[in-house]
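Below: one structure, written as structure tokens.
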Amino acid sequence: MPWKSFVGDVVRASRSTDQYPFAFISGPELLQLAREHAVTPWQAQQLVLEKGINLERYLRNYSSIDLHMQLALARSKVLIVGAGGLGGYVLEMLARLGVGTFLAADGDTFEESTLNRQLLGTMASLKKFKLDAAMDRLQLINPFTKLELFPEFLQAADLPDLLSRVDLVLDCLGGILFRNTLLKAAHEAGCPLVTGFVAGQTGLACTVYPGDRSPESFWQGSLEQGAEQVLGTLSTIVGLIASIQSHEAVAIVTRNQPGLRNKVFLADLDKCFFQTLDL
Amino acid sequence: MEIQPGSTVRDIIHNLKIPEEEVKIIFVNGQSADTETVLHDHDRVGFFPAIGGG
């Protein structure tokens, strides 16, 4: 059991303070020990948390996310469909929170017109695949994660296999066209779905478990009928809705208690109006 | 806005000259509703077009 000596070294390298009821280890030290013992960073994180030792990077999560929940996050697998506005922020927040495994799908490249709102879009990533920027970003912010890339626009036939491999799916699509296809596939796969959709300064978010009421009526019609085609989209509402989606994902993984089943959260930043509507 | 007693959501949509096919989902007082829903004093009505940006 090569992991046994790894865990022993981690215990010796970890520290305690009066502030927390557990020991913790710094990220660079953990990476070094993982290298020495030929353990992947992703495995290392789980072994450490299983031993009741936290990672220093998660200390400020602790009052809301205890060690068991942190371990659940480290073991969790989420599919992010769309790595544009919503998807970029969702990836950022879930990686910082400690989700262990990401599957991400997007066939698109960054254009200048996406720089107003898409976190992963930079002058350096223009014309490049969004998922390449996602991989670079994830390595920078949390090397204890795994990211599997699907640099393509998914088709309905791709979904059953992907959905069977994850605990939940985040619908971060741009445009209305594929959303009902994804919703239906998630239902058939028994996979919880957390969706966000925005236009102008207005945004909505909703969690759908199989059999729940869904916001599918918002996604009827042709691509041109989506209000975002006329109203554009501001970064402020994108970040807000991505926050709600990320928090729902954490609530599903850590305690199976999301707040937006059979409901849709509505925000209008122009009027500073927020309401949760019953579907 | 002022409406006649017994007015429905559809009447409001017509009064506001909104093409009915553009209204995809309707809420009255925060509850899902439809064009036939009859309105009462102080009801709060929201209707939405298709929204799918991300």
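The values are calculated or read from the model by the stated rules, or taken from the named source; none is laboratory data. Treat the numbers as computed from the prediction; the structure is a model and nothing was measured. Please note: Cβ atoms are built from the backbone with ideal geometry, for glycine as well, and neighbour counts cover all protein chains shown.
Condition first: buried (at least 19 other Cβ atoms within 10 Å of the Cβ), among the aliphatic types (A, V, I, L, M) and in a loop (DSSP other than H, G, I, E, B). Can you find one or more residues in the stretch A:13-31 that meet it? So far as the stretch A:13-31 goes, no, none of its residues is buried (at least 19 other Cβ atoms within 10 Å of the Cβ), among the aliphatic types (A, V, I, L, M) and in a loop (DSSP other than H, G, I, E, B). Restricting attention to the stretch A:67-85 and to residues that are more than 10 Å from chain B (Cβ to nearest Cβ) and within 17 Å of residue A:248 (Cβ to Cβ), the residue that is surrounded by the fewest Cβ atoms within 10 Å (Cβ to Cβ) turns out to be A:77.
Out of all the residues in the stretch A:139-156, is one or more buried (at least 17 other Cβ atoms within 10 Å of the Cβ) and acidic (Asp, Glu)? No, because not a single residue in the stretch A:139-156 is buried (at least 17 other Cβ atoms within 10 Å of the Cβ) and acidic (Asp, Glu). Name the residue that is nearest to residue A:245 (Cα to Cα), counting only residues in the stretch A:92-139 that are more than 16 Å from the chain's Cα centre (by Cα) and aliphatic (A, V, I, L, M). So, considering only residues that are more than 16 Å from the chain's Cα centre (by Cα) and aliphatic (A, V, I, L, M), the one nearest to residue A:245 (Cα to Cα) is A:115. Restricting attention to the stretch A:154-182, the residues that are within 12 Å of chain B (Cβ to nearest Cβ) and of a type in the set (A, V, I, L, M, F, W, C) total 7. A count restricted to the stretch B:33-45 and to residues that are buried (at least 16 other Cβ atoms within 10 Å of the Cβ) and in contact with a strand residue (DSSP E or B) (Cβ under 6 Å, 6 or more places away or on another chain) stands at 3. Looking only at the stretch A:34-54, residues that are outside any helix (DSSP H, G or I) and among the small types (Gly, Ala, Ser) come to 2 in all. The residue that is surrounded by the fewest Cβ atoms within 10 Å (Cβ to Cβ), counting only those in the stretch A:166-182 that are over 15 Å from the mean Cα position of the chain (by Cα) and not polar (S, T, N, Q), is A:177.
Would you check if residue A:198 is within 14 Å of another protein chain (Cβ to nearest Cβ), touching an Asp or Glu at 6+ places or on another chain (Cβ under 9 Å) and buried (at least 24 other Cβ atoms within 10 Å of the Cβ)? Answer is yes for this residue.
The set of residues in the stretch A:201-229 being within 11 Å of chain B (Cβ to nearest Cβ), free of Cβ contacts under 8 Å to residues at least 60 places away in the same chain and part of a loop (DSSP other than H, G, I, E, B) consists of A:220, A:221, A:222, A:226, A:227. Go through the stretch B:17-54 and give me each residue that's in contact with a Phe, Trp or Tyr (Cβ under 9 Å, 6 or more places away or on another chain) and among the hydrophobic types (A, V, I, L, M, F, W, C). Answer for the stretch B:17-54, where residues must be in contact with a Phe, Trp or Tyr (Cβ under 9 Å, 6 or more places away or on another chain) and among the hydrophobic types (A, V, I, L, M, F, W, C): B:18, B:23, B:25, B:26, B:27, B:33, B:45, B:47, B:48, B:50, B:51.
Residue pairs whose Cβ atoms lie under 9 Å apart, sitting 6 or more positions apart in sequence or on different chains, and linking a residue in the stretch A:146-165 that is outside the structural domain of residue A:190 (by TED's automatic domain parsing) to a partner that is modelled with pLDDT under 95, do not occur here.
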